[in-house]
Amino acid sequence: MIVPRRVALRSLFALAVTAFTGGALGRVATRPDRPGSEGARDPHAFDEMYRGHRLLGFSGPGGGPTALVDGRPLHLMRCADGGWVSPIDHYESCPTPLAATRAAVDELGTARLSPLAGAHGVPTDPTGGSPRGVHA
């Protein structure tokens, strides 16, 4: 039995389409959730207004938490007890990055966060601001 060329080409085309579609769908099904997509599970995600400051948190490079207070970075450090502290309020260990960010805002009051508070090892501000990152 001889298979006509047209039937053979249709079969090869259908096989190629099936293989490509299956491969593409397999990659989509196993892709991790993107931040902001429905079902995303970012353990460090928060976005809220707290005492007049906008707090935003997400997983940064390497999976560690990144926190922003009014758009300015707030450095968070992990404690030996598993809690979190910031350079603004590093006397009390907080259970989550959100709690540590709120504690920093409690210390800030109505002041704005210094741009230097995002750096590890906050230096004394030469303009007379607080070495804890608080500016009036």
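General remarks:
- Computed with every protein chain present, the accessible area of Glu107 is close to 80 Å² [probe 1.4 Å].
- Ordering Thr96, Thr66, Thr101, Thr110 by accessible surface, largest first, gives Thr110, Thr96, Thr66, Thr101; the 1.4 Å probe counts only protein heavy atoms, with every chain in place.
- Restricting the stretch 43-105 to trypsin sites (Lys or Arg not before Pro) in coil, as DSSP defines it, with at most 12 other Cβ within 10 Å: Arg51
- Extension gain, Arg6 back to Asp81 (0.36 nm per residue minus Cα-Cα distance, nm): 19.9 nm
The values are calculated or read from the model by the stated rules, or taken from the named source; none is laboratory data. Computed from a prediction, not measured in an experiment: that's the story for all the values here. Note that each Cβ is placed from the backbone with ideal geometry, even for glycine, and that neighbours are counted across all protein chains shown. All accessible areas refer to the heavy atoms of the entire protein, side chains included, with ligands and DNA or RNA removed. Shrake-Rupley method; radii C 1.70, N 1.55, O 1.52, S 1.80 Å.
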